[in-house]
Amino acid sequence: MMKKISILVPCYNEENNVEPMARILTEIMASYEGKYDYEIIFRDNASSDQTLDILRNLAEEDKHIKVIANARNYGISPLKDTFLGRVEGDAQIQIACDFQEDRKS
């Protein structure tokens with residue numbers, strides 16, 4: 001059985017970023033076709049823009065994309081907890097939807 005990679009993408013008001021992020025991640029994972037299965041899980045943190053609608057459309061078009069829609073904004077601290085129980089991968093990678101990772105010194 002093929003190993004599965006779960007890519008976790010938390011987002012809040014990212015209507016301009018979710019499509020490019022989904023496209024780039026799908027392209028990257030396509031290069032591993034036959035080696036790994038994958039899922040991209042976008043977790044919307046109660047966005048007030050069109051983020052959730054765009055995510056739902058992306059999920060309808062691609063079976064690898066899943067969406068978790070929070071009913072309210074939980075902030076950044078319990079981030080990983082909202083993914084628990086919904087991740088199938090043998091390995092998990094979390095990436096910021098705005099293409100910027102915070103670096104802590």
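For the stretch 1-61, the set of trypsin sites (Lys or Arg not before Pro) satisfying both a DSSP loop assignment and a count of at most 13 other C-beta atoms within 10 Å is given as Lys35. Restricting the calculation to Cα atoms, the stretch 1-69 yields a radius of gyration followed by a Dmax of 12.1, 40 Å. In this structure, the amide hydrogen of Lys66, modeled 1.01 Å from its nitrogen in the peptide plane, lies closer than 5 angstrom to those of Ile40, Ile41, Phe42, counting only residues at least 5 positions away or on a different chain.
Coordinate-derived values only; no laboratory data. Fair warning: this is a prediction, and the values are worked out from it, not measured in the lab. Because the Cβ atoms are built from the backbone with ideal geometry, glycine has one as well, and the counts that use them run over all protein chains shown.
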